Amino acid sequence: MSSTNSIKIFAGNSHVELAKLVARRIGIELCKVAVIKYSNQETCVTIGESVRDEDVFIIQSGCGEINDNLMELLIMINACKTASARRITAVIPCFPYARQDKKDKSRAPITAKLVANMLTVAGANHVITVDLHASQIQGFFNVPVDNLYSEPSMLRYIKAEITGWTNTIIVSPDAGGAKRATAIADRLNLDFALIHKERKIANEVSRMVLVGDVRGKVAILIDDMADTCGTLALAASTLKENGATKVLAIVAHGILSGKAIEVINKSCLERVVVTNTIPHDDKKAVCPKIHTIDISATLAEAIRRTHNGESVSFLFSHAPE
């Protein structure tokens, strides 16, 4: 079989800016696709060019109107499948429903598994995502999943943008994120602290206990997602009370829903650094504390390597220029 097929990148409506950055990095144009909504709210997708025997990549993040965007992705995958694409890769920078990954109470659904099934049934042959909430989600799929990490980009940001980073301490705002934070602390040869949080109801933290010494140091909170930012704000004030000179937060997915912006502006966080897996330009305009790490280079390199049949594991520890 001839391997002269080319890369075709399609963008869903959830994050067109990121798709444009990725396409520019690879050196190609985004392919034509029309995604419209009928008056009864049904989604209609029209693929605007031939994808027969091509290597198709569809970029759609799990954000904003999550259910609409997920449905849009499924329809786009299916449209390419029925148009005889050779391989269809779903590039999902922020995986939707990733927090519903286990049965944590009676009758709780494991929705992340349901999403995995839907993507596979729609016709996805491969999935590329960034910083899954739980890496076991890869096991929900019967197709290959590349879970890329924002860690190398975070390390580069810390070294380039934080003055005196050698006198900082890496802090995990909860026990679940300890592994992620210790990995960064080890790579930078820095100390590590942990905050234990007690939740009485979901999305609301009642009390926090710091394990570790942050006195006289700049504390860098590391987490995989910032949603309502209540945890980060409470963690920042806990660190300040325990003698930290400044507190910053570096987060992979800046969901920033609800009153997040108000919470960040009122908090003692000096800045909240998020990657652009989710669009947040509108929020940046009203919150000067938000800074961005661009991960389009990592996604573009993953797409290029996937297309050429090269190893992607290099990206787990290196951020492309």
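Of the residues that make up the range 238-246, is at least one touching a Phe, Trp or Tyr at 6+ places or on another chain (Cβ under 6 Å) and either touching a residue at least 12 places away in the same chain (Cβ under 8 Å) or under 25 Å from Ile295 (Cα atoms) (or both)? It would help to see each step written out before you state the result.
Taking the range 238-246 first, the residues touching a Phe, Trp or Tyr at 6+ places or on another chain (Cβ under 6 Å) are none.
No, there is no match, as no residue in the range 238-246 is touching a Phe, Trp or Tyr at 6+ places or on another chain (Cβ under 6 Å) and either touching a residue at least 12 places away in the same chain (Cβ under 8 Å) or under 25 Å from Ile295 (Cα atoms) (or both).
Take Asn78 and decide whether it is in contact with a Gly (Cβ under 9 Å, 6 or more places away or on another chain) and either at pLDDT below 95 or open to solvent by 30 Å² or more (accessible area, probe 1.4 Å) (or both). Break it down stepwise before answering.
Numbers: in contact with a Gly (Cβ under 9 Å, 6 or more places away or on another chain): yes; either at pLDDT below 95 or open to solvent by 30 Å² or more (accessible area, probe 1.4 Å) (or both): yes.
Considered against the rule, which asks whether it is in contact with a Gly (Cβ under 9 Å, 6 or more places away or on another chain) and either at pLDDT below 95 or open to solvent by 30 Å² or more (accessible area, probe 1.4 Å) (or both), Asn78 comes out as yes.
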Strands (runs of 3 or more DSSP E) (entirely within the range 234-321) containing at least 1 residues that are touching a Pro at 6+ places or on another chain (Cβ under 9 Å)
246-254, 271-275
Quick count over the range 246-267, residues being touching a strand residue (DSSP E or B) at 6+ places or on another chain (Cβ under 6 Å) and farther than 17 Å from Cys63 by Cβ, is 6
Need the failing condition index for Asp224 against (1) in a strand (DSSP E or B); (2) free of Cβ contacts under 8 Å to residues at least 40 places away in the same chain; (3) within 19 Å of the chain's Cα centre (by Cα), just the number.
(2)
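Looking at the structure I just gave you, is Ile170 under 30 Å from Asp68 (Cβ atoms), in contact with a helix residue (DSSP H, G or I) (Cβ under 7 Å, 6 or more places away or on another chain) and among the β-branched types (Val, Ile, Thr)? Reasoning before the result, please.
Working: under 30 Å from Asp68 (Cβ atoms): no; in contact with a helix residue (DSSP H, G or I) (Cβ under 7 Å, 6 or more places away or on another chain): yes; among the β-branched types (Val, Ile, Thr): yes.
Criteria not met by Ile170.
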I'm checking my understanding of the structure. Among residues of the range 250-271 that are open to solvent by 50 Å² or more (accessible area, probe 1.4 Å) and either within 12 Å of the chain's Cα centre (by Cα) or among the basic types (Lys, Arg) (or both), which one is nearest to Ile128 (Cα to Cα)?
Lys259
Collect the residues in the range 272-281 that are over 9 Å from the mean Cα position of the chain (by Cα), open to solvent by 10 Å² or more (accessible area, probe 1.4 Å) and modelled with pLDDT of 95 or more, keeping them in residue-number order.
Pro279
Out of all the residues in the range 107-114, is one or more within 27 Å of Ile295 (Cα to Cα) and either open to solvent by less than 10 Å² (accessible area, probe 1.4 Å) or touching a Leu at 6+ places or on another chain (Cβ under 7 Å) (or both)?
yes
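The values are calculated or read from the model by the stated rules, or taken from the named source; none is laboratory data. Just so it is clear, the structure is predicted and the values come from calculations on it, not from any experiment. Here the Cβ is made from the backbone with ideal geometry for all residues, glycine too, and neighbour counts use every protein chain on show. Please note that ligands, DNA and RNA were not included when accessible areas were found on the heavy atoms of the full protein model with its side chains. Shrake-Rupley method; radii C 1.70, N 1.55, O 1.52, S 1.80 Å.
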